[in-house]
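Engineer: Mind looking over this structure? Questions follow.
The values are calculated or read from the model by the stated rules, or taken from the named source; none is laboratory data. Since we're looking at a predicted model, the values are computed, not measured. Counting neighbours? That spans all protein chains shown, and the Cβs are built from the backbone with ideal geometry, glycine included. Just the protein is used for accessible areas: all its heavy atoms, side chains included, with ligands, DNA and RNA removed. Shrake-Rupley method; radii C 1.70, N 1.55, O 1.52, S 1.80 Å.
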Amino acid sequence: MATLVTVHAHPDDEAIACGGTIAKAAKEGHRVVIVFGTRGEHGEVAEGFLESGEELAARREAEAHRAAELLGAQRVEFLGYRDSGMMGTAENDAPGSFWSADVEEAADRLAGILKDERADAVTIYDPNGTYGHPDHIQVH
């Protein structure tokens, strides 16, 4: 069997972008690894969604692990960058943001996972990150 590593910007992108592919690969017996660039700290949140004192990043990380379990993925990894927010926002240039990360450094972090997993296939986004979000572009 093969190992598929699917790379995404934020938790929930894996389900939106290729949840069916992940589930199909896992069901067919392939090893599936999901990698996220960020924990999605700057996602939009409706009032009352989070519990008092709960941080969005913690919620999204927990949801990523649960989604991976439901989809059949065997491993979830985070590259350790902060969500960059939408294009043109102050979060783009914040220290530690994925958008401002050195591409070679980010690639090295991902390469370590790919080597560890001996990946046979990798999914990423198109050059525009599907819709122009800076973190999606950085995944490409």
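Engineer: What are the ³J(HN,Hα) couplings of the range 127-137, residue after residue, when phi is run through the Karplus curve with 6.51, -1.76, 1.60 and θ = phi - 60°? Round to Hz, x for glycine and proline.
Structural biologist: So the Karplus estimates, Gly and Pro as x, are x, 8, x, 6, 9, x, 5, x, 5, 5, 4 Hz.
Engineer: Let me ask something else. Please list, in order along the range 6-15, the HN-Hα scalar couplings obtained from phi with the Karplus expression 6.51 cos²θ - 1.76 cosθ + 1.60 (θ = phi - 60°), rounded to whole Hz, x for Gly and Pro.
Structural biologist: In residue order, the calculated couplings are 10, 10, 9, 7, 9, x, 4, 5, 5, 6 Hz.
Engineer: Pull up all non-local amide H partners of G85: gap of 5 or more, or a different chain, and H-to-H distance under 5 Å with H placed in the peptide plane.
Structural biologist: Those qualifying (amide H under 5 Å, at least 5 residues apart or on another chain) are H42.
Engineer: Still on this structure: Please list 76-88, 119-131 highest first by mean number of surrounding beta-carbon atoms within 10 Å per residue.
Structural biologist: Ranked from most to least packed, the peptides come out as 76-88, 119-131.
Engineer: Same structure again: Any idea what angle helix 103-117 forms with the longest principal axis of the chain, computed on alpha-carbon atoms, 0 to 90 degrees, nearest 10?
Structural biologist: Its long axis makes an angle of about 30 degrees.
Engineer: Still on this structure, please answer the following. When the Cα centres of the range 6-32 and the range 41-83 are compared, how far apart do they sit, in Å?
Structural biologist: Comparing the Cα centres of the range 6-32 and the range 41-83, I get a distance of 16 Å.
Engineer: Leaving ligands, DNA and RNA out of it, report the carbon-plus-sulfur percent of the accessible area of the chain at a 1.4 Å probe.
Structural biologist: Solvent-exposed carbon and sulfur of the chain make up 51 percent of the total.
Engineer: Among residues other than R66 whose Cβ falls under 12 Å from its Cβ, what is the net charge (Lys/Arg +1, Asp/Glu -1)?
Structural biologist: -3
Engineer: Here is a further query. Which whole-Hz ³J(HN,Hα) couplings does the range 59-71 yield from phi under the Karplus relation 6.51 cos²θ - 1.76 cosθ + 1.60, θ = phi - 60°, glycine and proline marked x?
Structural biologist: 4, 5, 5, 4, 5, 4, 5, 5, 4, 4, 4, 5, 7
Engineer: With every protein chain kept in place and ligands, DNA and RNA left out, what is the accessible area per residue of the range 1-107? Probe 1.4 Å, answer in Å².
Structural biologist: Result: 53 Å² of accessible area for each residue.
Engineer: Another question, if that's okay. Suppose the chain between A94 and Q74 were pulled fully straight at 0.36 nm per residue; how much longer would it get relative to their current alpha carbon spacing?
Structural biologist: 4.0 nm
Engineer: Hey, another quick one. Could you pull out every residue, at least 5 positions away or on a different chain, whose amide H is within less than 5 Å of the one on V122? Hs are placed 1.01 Å off N in the peptide plane, and Pro or chain starts have none.
Structural biologist: Those lying under 5 Å, H to H, from V122 are V5.
Engineer: What does the charge dipole of the chain about its Cα centre add up to, to the nearest 20 debye, if the Cβ of each Lys and Arg holds +1 and the Cβ of each Asp and Glu holds -1?
Structural biologist: 620 debye
Engineer: Given the C-alpha atoms of the chain, compute the convex hull and give its volume per residue in Å³.
Structural biologist: Cα convex hull per residue, to the nearest whole number: 109 Å³.
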